[in-house]
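Notes follow the structure.
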Amino acid sequence: MTETDKKFMQRAIELANEGVQANAGGPFGAVVVLDGKIVGEGYNKVTSTNDPTAHAEVTAIRNACQNLGTFQLDNCVIYTSCEPCPMCLGAIYWARPKMVFFGCDREDAAAIGFDDQFIYDELERDLGDRHIKIVRLMRKEALSAFDKWSNKNDKTSY
């Protein structure tokens, strides 16, 4: 880890503290960096926006993508004040940065009431054994959109 990495992690931590001060949501902050410059940042805004997906990493990714005019963060690095939860990890993989640095880990988060272990456990269960009932419905009809996508000549793949 370089001094530059520490600088960007410090900004993620500052954002986490700003979010706490603003009473916006949980104590989490994140920045997205490209070529040594912050191109996106955010902190947790779950409770202030009534949006359960407004985690720090997701808000930072959205901000960076808007600023860069792209849906992928190739060659970017994400600095986040805490190990990403399963949802944020999924968003990170879809955004495709080249690297992620994190401060606190999932055990630190669990110690203050942000325990994601139940989600990791749910992912290991069969659909019929999950705590939230998940049922397949109208697969044949739903496949029509997939067929249209497969046959579309002017699509933007990702």
> Got a number for residues in the stretch 87-113 being open to solvent by less than 80 Å² (accessible area, probe 1.4 Å), under 18 Å from TYR43 (Cα atoms) and part of a loop (DSSP other than H, G, I, E, B)?
Replying inline: 2
> Got at least one residue in the stretch 1-16 being over 14 Å from the mean Cα position of the chain (by Cα) and at pLDDT below 95?
Replying inline: yes
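Conditions (1) under 28 Å from ALA110 (Cα atoms); (2) touching a helix residue (DSSP H, G or I) at 6+ places or on another chain (Cβ under 7 Å); (3) touching a residue at least 60 places away in the same chain (Cβ under 8 Å), marked per residue:
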site	(1), (2), (3)
ILE13	yes, no, yes
ALA24	yes, yes, no
ALA54	yes, yes, no
ASN63	yes, no, no
LEU68	no, no, no
GLN72	no, yes, yes
ILE78	yes, yes, no
> Can you name the number of the only condition in (1) within 17 Å of the chain's Cα centre (by Cα); (2) over 24 Å from LYS7 (Cβ atoms) that CYS76 fails?
Replying inline: (2)
> Would you pick out the residues in the stretch 13-32 that are among the β-branched types (Val, Ile, Thr) and in a strand (DSSP E or B)?
Replying inline: VAL31, VAL32
> Cβ-Cβ below 9 Å, separation at least six or inter-chain, first residue in the stretch 132-157 and open to solvent by less than 100 Å² (accessible area, probe 1.4 Å), second hydrophobic (A, V, I, L, M, F, W, C): which pairs?
Replying inline: ILE134/LEU127; LYS155/TRP149; THR156/PHE71
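In this structure, does GLU83 turn out to be open to solvent by 50 Å² or more (accessible area, probe 1.4 Å), closer than 20 Å to PHE102 by Cβ, at pLDDT 95 or above and in contact with a strand residue (DSSP E or B) (Cβ under 9 Å, 6 or more places away or on another chain)?
On the way: open to solvent by 50 Å² or more (accessible area, probe 1.4 Å): no; closer than 20 Å to PHE102 by Cβ: yes; at pLDDT 95 or above: yes; in contact with a strand residue (DSSP E or B) (Cβ under 9 Å, 6 or more places away or on another chain): yes.
For GLU83, the condition - open to solvent by 50 Å² or more (accessible area, probe 1.4 Å), closer than 20 Å to PHE102 by Cβ, at pLDDT 95 or above and in contact with a strand residue (DSSP E or B) (Cβ under 9 Å, 6 or more places away or on another chain) - is not met.
Please go through the stretch 84-142 and pick out each residue that is aliphatic (A, V, I, L, M) and closer than 29 Å to ASP74 by Cα.
Taking the stretch 84-142 as the starting set, the residues that turn out to be aliphatic (A, V, I, L, M) are 87, 89, 91-92, 95, 99-100, 109-112, 119, 123, 127, 132, 134-135, 137-138, 142.
Result: MET87, LEU89, ALA91, ILE92, ALA95, MET99, VAL100, ALA109, ILE119, LEU123.
Can you name the residue in the stretch 114-131 that is outside any helix (DSSP H, G or I) and open to solvent by 100 Å² or more (accessible area, probe 1.4 Å) and is also farthest from PHE28 (Cα to Cα) among such residues?
Step one: list which residues in the stretch 114-131 are outside any helix (DSSP H, G or I), which gives 114-116, 125-126, 130-131.
Checking which are open to solvent by 100 Å² or more (accessible area, probe 1.4 Å) leaves us with 126, 131.
Working: ASP126: 31, HIS131: 27 Å.
Taking the candidates together, the pick is ASP126.
Mind listing just one residue for me: the one in the stretch 42-70 that is small (Gly, Ala, Ser) and part of a loop (DSSP other than H, G, I, E, B) and, of those, most open to solvent (accessible area, probe 1.4 Å)?
Just the residues of the stretch 42-70 that are small (Gly, Ala, Ser), to begin with: 42, 48, 54, 56, 60, 64, 69.
So of that shortlist, the ones also part of a loop (DSSP other than H, G, I, E, B) come out as 54, 69.
On the way: ALA54: 5, GLY69: 70 Å².
Checked the stretch 42-70; the qualifying residue most open to solvent (accessible area, probe 1.4 Å) is GLY69.
The values are calculated or read from the model by the stated rules, or taken from the named source; none is laboratory data. Because the structure is predicted, anything quoted here is derived from the model rather than measured. FYI the Cβ positions are ideal-geometry reconstructions off the backbone, even for glycines, and counts take in every protein chain you see. Side chains included, ligands, DNA and RNA excluded: accessible areas come from the protein's heavy atoms. Shrake-Rupley method; radii C 1.70, N 1.55, O 1.52, S 1.80 Å.
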